[in-house]
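This report refers to the structure that appears directly beneath it.
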Amino acid sequence: MEKSALSIRPIRDDDDLDELHEGDNEWAGSALARNMSASAGDAMVAFHVAEQDGRLVGYFDSFLPQEDNPTGVGFASVWVLPEARGRGVGAALLEALLPLATARGARRLTARVDSEDESSLRWIRAKGATTGGTHLESTLELTDDLPLLPPPDGVAVVVMPDSADEIAWRSAHEANVRLMRDTPDAETNPAPMPYEIYRALLAESWQLCLARTDDGSIVGLTCVFPKNEKLRQVNTMLTGVNREWRGRGLATALKTAHAIALRDAGWRAIVTQNMDGNDHILAANKRLGFRPSKALLDVLYDLPESIEAG
């Protein structure tokens, strides 16, 4: 019996995205994807599925550049069920994604791929993508013996309170944008994260830990988003400290305080990715107990200029 035609469409409320991603350790869960879709809107994100014979066989998500992003850089990932690979599903998803990205000003899409995933690397290189830098992934198990290391004098480290209002979240976002600009990753994608995407990723107050001076100024932060609900893992989005406070143990104090709060909230591990060569943060993570797990290659795909939006 011949298989029906493959169709690519936006996600629907009745799509079981978690079942589709069974076995995908990078899947953060449908709750986060749907929160992103509802909060950010399709002008910033695009989530589509591939369907065949009434079954979901593939998926892509993309975070698209905004008008104030002069780089034209967006982020995307493609997932195809293992048993559906080799049938053109990934190519069909990419074909549907590119016009959407181009229509919203994207000139380049980036992604990360496990350096040992040879089949995916062959596929993306055959599509014209190249690989750039390497991010080293490591994991901290949230055990009962985590140390609580104090911050330097004049700074308090606190998890964002549940009572935080819009003004507090806007201030945290401004600090996030400022600190992100002063990281190695900003060299490849210096555009600020829009507030809507920031709040979609950080939907709950427990996800954010702040360092404030006596006058209330934010001089450092660390924040996470769910990585794997089943394994109870979170992923670091950013840890950053003002330059004048670096080298004084503040980043370590932030990480340890947040780790203990996350453990007490029922999470089991923090996963983080840092650029190879960022020796300072890699050494700090090692001291905290992070253990290397894998290397991720940055994938760069420059969009053809001739793509027409559908």
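The values are calculated or read from the model by the stated rules, or taken from the named source; none is laboratory data. If you're wondering where the values come from, they're calculated on a predicted model, not measured in any experiment. Don't worry about glycine lacking a Cβ; one is built from the backbone with ideal geometry, like all the others, and counts go over all protein chains shown. Just the protein is used for accessible areas: all its heavy atoms, side chains included, with ligands, DNA and RNA removed. Shrake-Rupley method; radii C 1.70, N 1.55, O 1.52, S 1.80 Å.
Taking the C-alpha atoms only, the angle from helix 89-103 to the longest principal axis of the chain is near 70 degrees. Between I260 and T134, the contour length at 0.36 nm per residue exceeds the Cα-Cα span by 42.5 nm.
The long axis of helix 166-180 is offset from the longest Cα principal axis of the chain by roughly 80 degrees. What is the sum of charges, Lys and Arg at +1 and Asp and Glu at -1, for the other residues whose Cβ falls under 10 Å from the Cβ of P292? Around P292, the charge tally is +2. So which of K227/K286; K255/K294; K127/K227 end up more than 25 Å apart by C-alpha? Flagged as over cut-off: K127/K227.
Of the accessible area of the chain, with the probe set at 1.4 angstrom, what percent is carbon plus sulfur? All intermediate terms of the calculation are to be shown ahead of the outcome.
Values: 7890 of 15850 Å².
For the chain, the apolar C and S fraction of the accessible surface comes to 50 percent.
Under Stokes-Einstein, with the Kirkwood radius over Cα pairs standing in for Rh, what whole-number D in µm²/s applies to the range 160-307 at 25 °C and 0.890 mPa s? Diffusion coefficient, whole number: 148 µm²/s.
In order along the range 14-30, the phi-based Karplus estimate (6.51 cos²θ - 1.76 cosθ + 1.60, θ = phi - 60°) of 3J(HN,Hα) comes to 8, 6, 8, 5, 5, 5, 4, 9, 4, x, 8, 6, 8, 7, 8, x, 5 Hz; Gly and Pro are listed as x. The label point for K230 and the one for E244, both projected 7 Å from the Cα toward the Cβ, are 4.9 nm apart.
Taking label points 7 Å from Cα along the Cα-to-Cβ direction, K286 and N35 give a separation of 3.4 nm. For the range 37-133, GluC sites (Glu not before Pro) are listed when DSSP marks them as loop and at most 16 other Cβ atoms sit within 10 Å of their Cβ; the list is E67, E116. Once Cα extents along the principal axes in Å is calculated for the structure shown, the corresponding label among (i) 51, 47, 35; (ii) 65, 46, 37; (iii) 70, 40, 38 turns out to be (iii). Principal-axis analysis of the Cα atoms of the chain puts helix 250-264 at an angle of about 70° to the longest axis.
Taking each pair of different alpha-carbon atoms in the range 1-143 once, compute 1/r for the pair, average those values, and report the inverse of that mean as the Kirkwood hydrodynamic radius in Å to one decimal. Walk me through the numbers before you get to the answer.
Details: mean 1/r = 0.0611 Å⁻¹.
One over the average 1/r among Cα pairs gives 16.4 Å for the range 1-143.
Give me the extension gain from A126 to D144: residue separation times 0.36 nm, minus the current Cα-Cα distance, reported in nm with one decimal. Kindly include the intermediate steps, with their values, before the conclusion.
Working: separation 18, 0.36 × 18 = 6.48 nm, distance 4.69 nm.
Stretched fully, the A126-D144 segment lengthens by 1.8 nm.
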